[in-house]
Amino acid sequence: MQTLTLNNGVEMPALGLGVFQTPPDETRAAVTAALDLGYRHIDTAAAYGNEREVGQAVRASAVPREDLFIETKIWISDYGYDETLHGFDKSAAKLGVDRIDLLILHQALPSDFDRTRAAYRALERLLADGRVRAIGVSNFMVDHLTALLDNATVVPAVNQLEIHPYFQQRAVLDFDDEHGILNQAWSPIGGITFYRGQGEDRGSVLDDPAVTAIAEVHGKSPAQVLLRWGIQQGRSVIPKSTKRHRIAENVDVFDFALTADELKSLDALETGRRGGPEPSDVTLATYGRAIPEA
């Protein structure tokens, strides 16, 4: 497994298993399969409702804890200094760990950015206390990052974003690169973005002729090509699946390389259309929900 070095020197596997929208009763089996197949990085979140099952699979595995990289996220309902510290306690207890490898803020909260700043100060405290190994953010745009960095004492190690050929967010990627923030892709194979226009033009990036042609050349699947596109450009990728054969396929992306022309052809697929929610629309009124205690 290829690794990436975060801005504080921590090593992180370049590819991990995501469990977004994975039902709790399927999560343990998916994580168990991933660990059996060589994954060493698991990405979950308080809002996913499956941290407990991730922890169960980790504890049942023969893989030593020190060989695993566990990443989770604080939801906006737990923003604020004391609230975020407690959010860590809830996540750590559900995961069954004393220390989390990477803890990030799940969204910016533009309508109450002071709560976002306070939540990040709590992450800085957890980092200083050794309760997390690295801290970061998710779905932060350039204006959010700029506002955060005005007061932060620790530059985020990671910004987890929707990144795939149909939606590349190059301005954010460039800003992150300039500030030593690693870009991490959720939906790296366009799993929530089955579109290519409207109506009859609606389709999946996996079926795009540019992607399928490259896959045929390399004897790989379209999903493997899309994951390789992200990895080869220095990003972390977090594909999700509950099917063992897909989990195995997604990690088998380190034995081939895309050419410069192939990378350019995938870059050219940009549509500018986001699949996830607009960051500016994320408010406590629309997205807030209580995160249960451990």
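The values are calculated or read from the model by the stated rules, or taken from the named source; none is laboratory data. Not measured: the values here are computed from a predicted model. Every residue, glycine among them, receives a Cβ derived from its backbone with ideal geometry; neighbour counts consider all protein chains shown. Keep in mind that these areas ignore ligands, DNA and RNA; they rest on the heavy atoms of the full protein, side chains included. Shrake-Rupley method; radii C 1.70, N 1.55, O 1.52, S 1.80 Å.
A few remarks follow.
- Condition check for Lys73 on (1) buried (at least 24 other Cβ atoms within 10 Å of the Cβ); (2) assigned to a helix (DSSP H, G or I): one failure, at (2).
- Within region 94-122, if we keep just the residues that are in contact with an Asp or Glu (Cβ under 6 Å, 6 or more places away or on another chain) and farther than 17 Å from Asn8 by Cβ, the residue that is least open to solvent (accessible area, probe 1.4 Å) turns out to be Leu95.
- Restricting attention to region 20-51 and to residues that are assigned to a loop (DSSP other than H, G, I, E, B), in contact with a strand residue (DSSP E or B) (Cβ under 9 Å, 6 or more places away or on another chain) and farther than 14 Å from Asn250 by Cα, the residue that is most open to solvent (accessible area, probe 1.4 Å) turns out to be Gln21.
- Selection within region 115-142 - in a strand (DSSP E or B) and among the polar types (S, T, N, Q): Ser138
- Selection status of Phe88, farther than 15 Å from Ile238 by Cα and either open to solvent by less than 10 Å² (accessible area, probe 1.4 Å) or in a strand (DSSP E or B) (or both): yes
- Qualifying residues in region 232-266 (those that are among the hydroxyl-bearing types (Ser, Thr, Tyr) and not in a helix (DSSP H, G or I)) - the one surrounded by the fewest Cβ atoms within 10 Å (Cβ to Cβ): Thr259
- Counting the residues of region 163-197 that are part of a loop (DSSP other than H, G, I, E, B), open to solvent by 10 Å² or more (accessible area, probe 1.4 Å) and at pLDDT 95 or above gives 3.
- Residue check, Leu284 open to solvent by 50 Å² or more (accessible area, probe 1.4 Å), under 22 Å from Asn159 (Cβ atoms) and more than 20 Å from the chain's Cα centre (by Cα): yes
- Residues of region 91-114 that are out of contact with any Gly (no Cβ under 6 Å at 6 or more places or on another chain) and outside any helix (DSSP H, G or I): Val97, Asp98, Arg99, Ile100, Asp101, Leu102, Leu103, Leu105, His106, Gln107, Ala108, Leu109.
- Restricting Val58, Val54 to those that are more than 16 Å from the chain's Cα centre (by Cα), closer than 30 Å to Arg121 by Cβ and either among the hydrophobic types (A, V, I, L, M, F, W, C) or open to solvent by 10 Å² or more (accessible area, probe 1.4 Å) (or both) reduces the list to Val58.
- When residues of region 125-146 are limited to those that are surrounded by fewer than 18 Cβ atoms within 10 Å (Cβ to Cβ) and without any contact (Cβ under 8 Å) to a residue 40 or more places away in the chain, the one nearest to the chain's Cα centre (by Cα): Val142
- Close pairs from region 274-288: first more than 15 Å from Ser138 (Cβ to Cβ) and assigned to a loop (DSSP other than H, G, I, E, B), partner open to solvent by less than 90 Å² (accessible area, probe 1.4 Å) and among the charged types (D, E, K, R), Cβ under 9 Å, at least 6 apart: Thr283/Asp112
- Every residue from region 236-266 that is more than 15 Å from Val19 (Cα to Cα) and free of Cβ contacts under 8 Å to residues at least 24 places away in the same chain: His245, Asp255, Thr259, Ala260, Asp261, Lys264
Listed here are the residues, each with its yes/no results for (1) open to solvent by 10 Å² or more (accessible area, probe 1.4 Å); (2) modelled with pLDDT of 95 or more; (3) over 15 Å from the mean Cα position of the chain (by Cα); (4) under 16 Å from Leu269 (Cα atoms).
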{"position": "Gly199", "(1), (2), (3), (4)": "yes, no, yes, no"}
{"position": "Arg202", "(1), (2), (3), (4)": "yes, no, yes, yes"}
{"position": "Asp208", "(1), (2), (3), (4)": "yes, no, yes, yes"}
{"position": "Val217", "(1), (2), (3), (4)": "yes, yes, yes, no"}
{"position": "Lys220", "(1), (2), (3), (4)": "yes, yes, yes, no"}
